[in-house]
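Report on the following structure.
The values are calculated or read from the model by the stated rules, or taken from the named source; none is laboratory data. For clarity, every value in this text was computed on a predicted model and none was experimentally measured. A quick note on method: Cβ atoms are made from the backbone with ideal geometry, for glycine too, and the neighbour counts reach across all protein chains shown. What goes into the accessible areas is simple: the full protein's heavy atoms, side chains included, and nothing from ligands, DNA or RNA. Shrake-Rupley method; radii C 1.70, N 1.55, O 1.52, S 1.80 Å.
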Amino acid sequence: FTIQGYIETLLEGALNDKEVNKNYLERAQKGVSRLIYIIEDLDMITKFDSGIENIKKTVFNILDTINNVIELLESSSSKRSISLIFDHNYGKVLKVLGDEKRIHQVLTNLIINSIRYGVDDGTIEIKINEIENSKILVSIVDNGLGIAKEDLPRIFERFYRVEKTRNRDEGGSGLGLSIVKHIIEGH
């Protein structure tokens, strides 16, 4: 509706006002970019649901993947003075079997949520723990507001957002945790 409103306003005469038309075209462009992002996310979820999309497992260094995600998101976290902490004692290599691209996406979605809904001057800590049967557990822990118990069963639903405790100005599409669920279940 936002995109439609901008276009209708331009067509109804604002197109001739150079200051207004540039502003409205830039806003419409942002709306289109956001819409494309949502469609791509929905397409991926649909492909997982239908079995078209598969997990492509290879052996990769999870430490490199985590460090790449941290590098990618450092700028976003520093804008809110949120510290990204990754303290690992595994040296330079910790090999895992999985779909590196999808695990990168899982880590990115979880850390973006922590940044988006965390507290200014807060912390986000990425932890690795070895568990039984040669498995590892990667945890993302933040000191944000948290999620109410009554909302927990629904957080992986498509488009579900916990509006009571979330900043609407910073909100996403409500697909991030649904994508995380599909990727983890695919593994």
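How high is the FRET efficiency between Lys47 and Lys22 when r is their beta carbon distance and R₀ equals 41 Å, given to the nearest 0.05?
Details: r = 38 Å, r/R0 = 0.92.
After rounding, the FRET efficiency stands at 0.65.
Per residue, how much accessible area does the stretch 44-130 show when a 1.4 Å probe rolls over the protein heavy atoms, in square angstrom? Write down the numbers at each step before the final one.
Values: 4790 Å² over 87 residues.
Value for the stretch 44-130: 55 Å² per residue.
With +1 on each Lys and Arg Cβ and -1 on each Asp and Glu Cβ, how big is the dipole of the stretch 49-132 about its Cα centre, in debye rounded to the nearest 20? Mind showing how you got there, number by number?
Values: 10 positive and 13 negative charges, 40 e Å.
Dipole of the stretch 49-132, to the nearest 20 debye: 200 debye.
For the stretch 1-110, report the % of Cα-Cα distances exceeding 20 Å. Kindly include the intermediate steps, with their values, before the conclusion.
Values: 3799 of 5995 pairs.
Of the Cα pairs, 63 percent sit more than 20 Å apart.
When the Kirkwood radius is taken over all Cα pairs of the stretch 77-146, what Stokes-Einstein diffusion coefficient follows at 10 °C and 1.306 mPa s, in µm²/s?
Result for D is 120 µm²/s.
About the Cα centre of the chain, what is the dipole size in debye to 20, counting +1 per Lys and Arg Cβ and -1 per Asp and Glu Cβ, all else neutral? Provide the component values of the computation, followed by the final result.
On the way: 25 positive and 29 negative charges, 44 e Å.
Magnitude of the dipole: close to 220 debye.
Excluding the sites themselves, what is the longest stretch of the chain that contains no trypsin sites (Lys or Arg not before Pro) in a DSSP loop with at most 13 other C-beta atoms within 10 Å? All intermediate terms of the calculation are to be shown ahead of the outcome.
On the way: sites that count: Lys56, Lys92.
The answer is 93-187.
If each DSSP helix of 4+ residues adds -39,500 (n - 2.57) and the sum is divided by the residues in the chain, what number results at 222 nm, nearest 500 deg cm²/dmol? Display every interim value, and only then the final one.
Working: 5 runs with 90 residues, N = 187.
Theoretical 222 nm ellipticity from helices: -16500 deg cm²/dmol.
Tell me the carbon and sulfur percent of the accessible area for the chain, rounded to whole percent, probe radius 1.4 Å.
Numbers: 6110 of 12120 Å².
Answer for the chain is 50 percent, counting heavy atoms of protein chains only.
Which ³J(HN,Hα) values in Hz, rounded to whole numbers, follow from the phi angles of the stretch 118-125 under the Karplus curve 6.51 cos²θ - 1.76 cosθ + 1.60, where θ = phi - 60° and Gly and Pro get x?
Working through the residues one at a time gives x, 9, 4, 6, x, 9, 10, 10 Hz.
Per residue of the stretch 69-83, what does 6.51 cos²θ - 1.76 cosθ + 1.60 with θ = phi - 60° give for ³J(HN,Hα)? Whole Hz please, x for Gly and Pro, Karplus curve as stated.
Running phi through 6.51 cos²θ - 1.76 cosθ + 1.60 with θ = phi - 60° gives 5, 4, 4, 5, 9, 4, 4, 5, 6, 5, 4, 9, 6, 9, 8 Hz.
Spin-label point model (7 Å from Cα, Cβ direction): what's the Ser134 to Ile3 distance in nm?
Those two pseudo-labels are separated by 4.8 nm.
More than 24 Å apart: what percent of Cα pairs in the chain qualify? Could you put the intermediate results ahead of the total?
Values: 8881 of 17391 pairs.
Counting pairs separated by more than 24 Å, the tail of P(r) holds 51 percent.
Would you please give the residues with an amide H less than 5 Å from that of Leu175, counting only those at least 5 places away or on a separate chain, with H modeled from the backbone geometry?
It is Phe159, by chain and number.
Where in the chain lies the longest segment free of GluC sites (Glu not before Pro) that are both loop residues by DSSP (not H, G, I, E, B) and have at most 10 other Cβ atoms within 10 Å?
Details: sites that count: Glu12, Glu132.
Result, exposed sites excluded: 13-131.
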